[in-house]
1. Only residues that are open to solvent by 50 Å² or more (accessible area, probe 1.4 Å) and either within 11 Å of the ligand (Cβ to nearest atom) or without any contact (Cβ under 8 Å) to a residue 24 or more places away in the chain (or both): list them for the stretch 282-306, please.
2. Right, Pro238: more than 16 Å from the ligand (Cβ to nearest atom), under 30 Å from Gln373 (Cβ atoms) and not assigned by TED's automatic domain parsing to the domain that holds Phe394 or not?
3. Residue check: is Leu164 crowded, with 22+ Cβ neighbours inside 10 Å and over 23 Å from Ser120 (Cβ atoms)?
4. Output the residues belonging to the stretch 399-423 that are open to solvent by less than 60 Å² (accessible area, probe 1.4 Å) and either on the phi > 0 side of the Ramachandran plot or among the β-branched types (Val, Ile, Thr) (or both).
5. What number of residues within the stretch 22-48 are in a loop (DSSP other than H, G, I, E, B) and either exposed (fewer than 13 other Cβ atoms within 10 Å of the Cβ) or touching a residue at least 60 places away in the same chain (Cβ under 8 Å) (or both)?
6. Quick one: count up the residues across the stretch 431-457 that are open to solvent by 60 Å² or more (accessible area, probe 1.4 Å) and among the polar types (S, T, N, Q).
7. Would the stretch 97-114 turn up any residue that is part of a strand (DSSP E or B), open to solvent by 20 Å² or more (accessible area, probe 1.4 Å), touching a helix residue (DSSP H, G or I) at 6+ places or on another chain (Cβ under 7 Å) and touching a residue at least 12 places away in the same chain (Cβ under 8 Å)?
8. Would you please name the residue that is farthest from the ligand (Cβ to nearest atom), looking only at residues in the stretch 211-233 that are surrounded by fewer than 18 Cβ atoms within 10 Å (Cβ to Cβ) and touching a residue at least 12 places away in the same chain (Cβ under 8 Å)?
Amino acid sequence: MNLEEKSTAELQMLDSRHYLHPFTDPKALLEKGARVITRADGIYLWDSDGEKILDAMAGLWCVNVGYGREVLSRIAYEQSQELPYYNSFFKTTHPPAIALAKKLIEITPEGFNQVFYTNSGSEANDTVMRTVRRYWRLLEKPEKRIIISRKGAYHGSTVAAASLSGDSLYHEMDGLPIPDIVHIDCPYWYGKGGDLTPDEFGLKSAQSLDSKIKELGPEKVAAFIGEPIQGAGGLIVPPDTYWPEIQRICEKYGILLISDEVICGFGRTGNWFGCETYGIRPDLMSIAKGLSSGYMPIGGVLIHDRIMDVLIEKGGEYAHGFTYSGHPVACAVALENIKIMEEENLVDKVANETGPYLKKRWEELENHPLVGQVRNVGMLGAIELVENKDKRKFFSSSKKVGDTCRDFCFENNFVMRAIHDTMIVSPALTMTVEQIDEMFDLVKLCLDLTADKFGIS
Ligand code: PXG
């Protein structure tokens, strides 16, 4: 069947009948149908009706080098010809996995000298959980099993990663979380800070980790996991006081610190890794998304020497792995993707040029009647929509203001993510200053349309 000859309506019908989409209501999809994306280049997508769409989300926070990179397709082709698949179980390996590991060790903070490969961020976080618990067992502290995570966190959709995630939406589907996972509040100052300054609230929020550890007993707590900036939880940018205090508390109680870098890694925050932006010294880091800019499914876990030394000295077999761990084509593409980032100085560009420019433009939105707060770090931007900005009054969730704004974006061929009433952009790191202006005009248009619809002026 040649799908190219099918009309959009036919494609939508086949799609909704046969394809169960992630995080989608299948009944609503049957009624309305999905937008069919057929092609992409740079920061733009095209749909099956030929419409050109500005993608301010880089796919799902992942296409860091932008779409249409010919060299990445070529590398994938060449590697498939040379060695399309081999595993690294049972004392075998291959050059792409080795070369990527070496490159990752070069760009990650000091002390990270080993990587474990997965196919996704979810698998990376499952790997983290197993590794952390194994570490404590090897140190003869098997009772240290609890992992503390945060409300609003998104760590993935496998059973363990969804349990680490902190939203009832993920848990109610099938009765999660699994045992020995506990959630504390996240440092959402604008929504929960009350009269405290951001710095005061950051400290208070971090200290809830201390209270939780005391309540559970430090002898039972294995690790704390957090995204440097919570992404899918609404782009929660922590106050400056937050991470240093979290670090201090983890060290005080001998608890491992895990940085989930699936969104914040690979230049997104203006450093190679989000932990560098916040001065965090993690024991393990989960990576995915920007590792290959989404051109191939690949993720991984970086393991600090502190942990690795124990796994090597006391461990024996590390009984964990996936058929496609270190897939040669995915590794080759990821390596080339990192080379593009290096050659085009994308991390510096985000830190010194486009990130500051995005921030400057975003701050102009603070005067908009619908905007309560804007948040930015690197090439991440959030706009929180409120009913009354002077009183910091939020809309009732039943009004679905964020969804309405997203619908306006959709109608105007613009992709911006709505998380409740927070609008989010996470564009390709290649986005130019001129393209930021182009994006900004669309943002402004969709905010104005939303404000009109809800009578906010
Ligand atoms: N950790 C973080 C911080 C993530 O954002 C994962 C882990 C899981 O990665 P995989 O590769 O298993 O999907 C993610 C994924 C959204 C959205 O709607 C965000 C993600 C995935 C899907 C949708 O914002 N993040």
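The values are calculated or read from the model by the stated rules, or taken from the named source; none is laboratory data. For clarity, every value in this text was computed on a predicted model and none was experimentally measured. Cβ: placed from backbone, ideal geometry, glycine included. Neighbour counts: every protein chain shown. For the accessible areas, the whole protein counts, side chains as well, though only heavy atoms, and no ligand, DNA or RNA atoms are used. Shrake-Rupley method; radii C 1.70, N 1.55, O 1.52, S 1.80 Å.
1. Lys289, Pro297
2. On the way: more than 16 Å from the ligand (Cβ to nearest atom): no; under 30 Å from Gln373 (Cβ atoms): yes; not assigned by TED's automatic domain parsing to the domain that holds Phe394: yes.
No: the conditions fail for Pro238.
3. no
4. Val401, Thr404, Asn413, Val415, Ile419, Thr422
5. Initially, the stretch 22-48 is screened for residues in a loop (DSSP other than H, G, I, E, B), giving 22-25, 33-36, 43, 48.
Next cut, either exposed (fewer than 13 other Cβ atoms within 10 Å of the Cβ) or touching a residue at least 60 places away in the same chain (Cβ under 8 Å) (or both) only: 22-25, 35, 43.
So the count comes out to 6.
6. Residues that pass the stated criteria total 1.
7. yes
8. Here the answer is Glu219.
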